[in-house]
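What follows is one structure encoded as structure tokens, with my remarks underneath.
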Amino acid sequence: MNSPYSFSTRLFLLFIAILLLIYFARIFSLPESWGDYGYYRGDYIDEEASKAMVYGGNDTCQSCHEEVYTIKKEGAHKKLSCELCHGPVGEHVEGKRYIGELSVERGTKQTKMCLRCHQEVTGRPETFPMVDAKQHLEDEKVDASNACGSCHTVHEPLETMRYVKRLRTLREGLDDDDE
Amino acid sequence: MDAQVLNYVFPNDMHPHWTLMIVLYTYLTGLVEGAFIVSALSYVFGFKSLQPIARFSLVLAFSWLVVVTVPLIIHLGQPTRAPWMLLTPNYDGPSMMAGFGYIYLIYTLVILFQILFVYRYEMVLFKATSSGIKHHIYSILTLGTNDRSKEGRQIDTKVIWLFGALGIPTASLLHGYVGFIFGGVKAVEWWFTPLMPIVFSFSAAVSGIAGVIVTYIMIKLFTKRVYEIKTETLKTLIKLLWTFFIFAFFFEMLELGVHAYSVTENWHHVKAALEGPMQWSFWTMQIKVLSIIPFFILMWLSLRTIGRIALMFWGVVVSIMLLMQVFFMRWNVVVGGQIMGKSGRGFTEYFPEWFDKEGILVAGLILIAPIVILWLLSKIFPFWESTTEGER
């Protein structure tokens, strides 16, 4: 206890003890499958894979809803995932909800949904169809209470527009004939 | 608080994520390094004039070191994440902070062990004369030994030298690493320079030495022992402060100058930041008020023969100015780098909340904490009167 080296020796042993503590802390706290494939828990892959399906992709929707899919695949919204608006298919087939929450109610709620992408914002490319909802309704000379869905069919937004355009062209053609 | 946005900023960098806590972290780490350098100069390089404050600055460095990780853990939000970074570091890339953790751990052990060796003999003596809790604390700190031999004390001196010598590179590495954490961020043009670790390291020494001067004089003032302040010690500290400050300041200015002259990529953005949102905090405060004025005060104090009282007064004034300068420097680096949008065009704004989790009140408490810790440590490790002076 009174040797001149006693303090140094004990402190050195303490240092070794600290190193061992860190070493064992790592061994004991590491999950078993750590590092099996990389810097993560190997079991994680199986855990994730065994989770119940939430999103199914458009093919899953198409298998039952062929008629809507046919309309959508030709239109301006052809690149969008069904579940983007309708919510996850996993919940739908389990019967928790008939359909995703977002577009259940038509009207203002649906309008909000549309404006998520189509609201006029400086950051978006100019070629992207954007509107200021109020201004758009005024420009088109329709009642301000109208929602987007009143004129645009959501699965193919330009369907009605094309139809109206065709009618107008016919009408103009007829008018020209009259003159 | 809504951020004021200037020009165009991408939506995802409207809000700076590294807050006042990160500023504090870099600041506190720097204080540690500077205070340690003062003690190392005495223990390793044998600066006789710094001997009276060698022990004090070592304990002071330790009291700052204890709180270094506090702002980081507050910022982390979920403190249990911190040990994982240290236990499972990813050497292939993203575990930069794990590196800091290891250096911090090594440095803490170096300083702690050095303190134990510096006070070992006295603690053995105190253990015999004290009772109660103090007796137990000394028993634990001396690891149950009672050696009073001359040989034992010779070993102490050698080990203290060894730890001091180990501590200098570790201290430089510790704060250089903080600089590296910023200097390694390629996406922020204001940070991305190999000079960052060097500038950080030198300014760390500046803040630490200034911190030693202020606390040294203040403690003597409040304990009414101003007569104990050694003019020679103070003069050496001020000369050291000037030396390190010259390096810190001119390296930073040179770096800026090189960027400005060579018009490096995105210099237009850095220039606009320095002339716009950072005009006050960088040019006015950090450079004009808190660098150029202290530079001349320090020059005067270092090169001329100054009276004792004037030296103490101006020493404290200039040290407080430099403590603020380094804080502004840290702020300008941490916040400045983040208010510059990745668009290369716009700027956002950051000001901490008063009562936020990472706000000004918390920051104040963290800055005060080391003073309380220092006071507690002074109960166990006496800074000044060496009871063994006669025997040395």
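Where in the range B:281-392 are there helices (runs of 4 or more DSSP H), lying fully within it, with 2 or more residues that are of a type in the set (Lys, Arg)?
Details: elements: B:293-303, B:308-339, B:360-380.
Ranges flagged: B:308-339.
Which members of the range B:87-121 meet the condition of being touching a residue at least 24 places away in the same chain (Cβ under 8 Å), within 9 Å of chain A (Cβ to nearest Cβ) and not aliphatic (A, V, I, L, M)?
If the condition is that a residue be touching a residue at least 24 places away in the same chain (Cβ under 8 Å), within 9 Å of chain A (Cβ to nearest Cβ) and not aliphatic (A, V, I, L, M), then B:PHE113, B:PHE117, B:ARG120 are the ones that fit.
For the range B:9-48, what are the residues that are closer than 14 Å to B:GLN338 by Cα and in contact with a Ser or Thr (Cβ under 8 Å, 6 or more places away or on another chain)?
Correct list: B:VAL9, B:PHE10, B:ASP13, B:MET14, B:HIS15, B:PRO16.
Name, by its number, the condition in (1) more than 7 Å from chain B (Cβ to nearest Cβ); (2) within 20 Å of B:LEU86 (Cα to Cα); (3) of a type outside the set (Asp, Glu) that does not hold for A:ALA25.
So the condition that A:ALA25 fails would be (1).
Could you tell me whether the range B:139-148 includes any residue that is within 30 Å of B:PRO352 (Cβ to Cβ) and either within 12 Å of chain A (Cβ to nearest Cβ) or modelled with pLDDT of 90 or more (or both)? Please lay out each step first, then the result.
If we filter the range B:139-148 for residues that are within 30 Å of B:PRO352 (Cβ to Cβ), which is where we start, we get none.
No, because not a single residue in the range B:139-148 is within 30 Å of B:PRO352 (Cβ to Cβ) and either within 12 Å of chain A (Cβ to nearest Cβ) or modelled with pLDDT of 90 or more (or both).
Take the residues in the range A:35-66 that are within 21 Å of B:TRP84 (Cβ to Cβ) and among the small types (Gly, Ala, Ser); name whichever of them is modelled with the lowest pLDDT.
A:GLY38
Can B:MET321 be described as surrounded by fewer than 17 Cβ atoms within 10 Å (Cβ to Cβ) and under 29 Å from B:THR215 (Cβ atoms)? Explain how you work it out, then say what you get.
Working: surrounded by fewer than 17 Cβ atoms within 10 Å (Cβ to Cβ): no; under 29 Å from B:THR215 (Cβ atoms): yes.
Considered against the rule, which asks whether it is surrounded by fewer than 17 Cβ atoms within 10 Å (Cβ to Cβ) and under 29 Å from B:THR215 (Cβ atoms), B:MET321 comes out as no.
For the range A:133-149, how many residues are at pLDDT 85 or above and not in a loop (DSSP other than H, G, I, E, B)?
8
Condition check ((1) acidic (Asp, Glu); (2) at the interface with another protein chain (Cβ under 9 Å from one of its Cβ atoms); (3) exposed (fewer than 13 other Cβ atoms within 10 Å of the Cβ)) across all residues:
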{"site": "A:ASN2", "(1), (2), (3)": "no, yes, yes"}
{"site": "A:ARG10", "(1), (2), (3)": "no, yes, no"}
{"site": "A:LEU14", "(1), (2), (3)": "no, yes, no"}
{"site": "A:LEU30", "(1), (2), (3)": "no, yes, no"}
{"site": "A:SER33", "(1), (2), (3)": "no, no, no"}
{"site": "A:TYR37", "(1), (2), (3)": "no, no, yes"}
{"site": "A:ALA49", "(1), (2), (3)": "no, no, yes"}
{"site": "A:ASN58", "(1), (2), (3)": "no, no, no"}
{"site": "A:VAL68", "(1), (2), (3)": "no, no, no"}
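Take the range B:124-167 and flag every residue that is crowded, with 20+ Cβ neighbours inside 10 Å and not in a helix (DSSP H, G or I).
Within the range B:124-167, B:THR142, B:THR145, B:ASP147 qualify.
Quick one: which residue in B:LEU20, B:LEU60, B:LEU72 is under 26 Å from B:THR243 (Cβ atoms) and either over 11 Å from the mean Cα position of the chain (by Cα) or surrounded by 23 or more Cβ atoms within 10 Å (Cβ to Cβ) (or both)? Lay out the reasoning, then the answer.
Numbers: B:LEU20 fails: under 26 Å from B:THR243 (Cβ atoms); B:LEU72 fails: under 26 Å from B:THR243 (Cβ atoms).
Every option except B:LEU60 fails the conditions.
Which of the residues that make up the range B:168-192 are free of Cβ contacts under 8 Å to residues at least 24 places away in the same chain and in a loop (DSSP other than H, G, I, E, B)?
Correct list: B:LYS186, B:PHE192.
Specify the residue that is nearest to B:VAL5 (Cα to Cα); the eligible residues are those in the range B:338-366 that are buried (at least 16 other Cβ atoms within 10 Å of the Cβ) and under 18 Å from the mean Cα position of the chain (by Cα).
B:ALA363
The values are calculated or read from the model by the stated rules, or taken from the named source; none is laboratory data. This one's a predicted model, so the numbers in the text were calculated from it and none came from an experiment. Cβ atoms come from the backbone with ideal geometry, glycine included; neighbour counts cover every protein chain shown.
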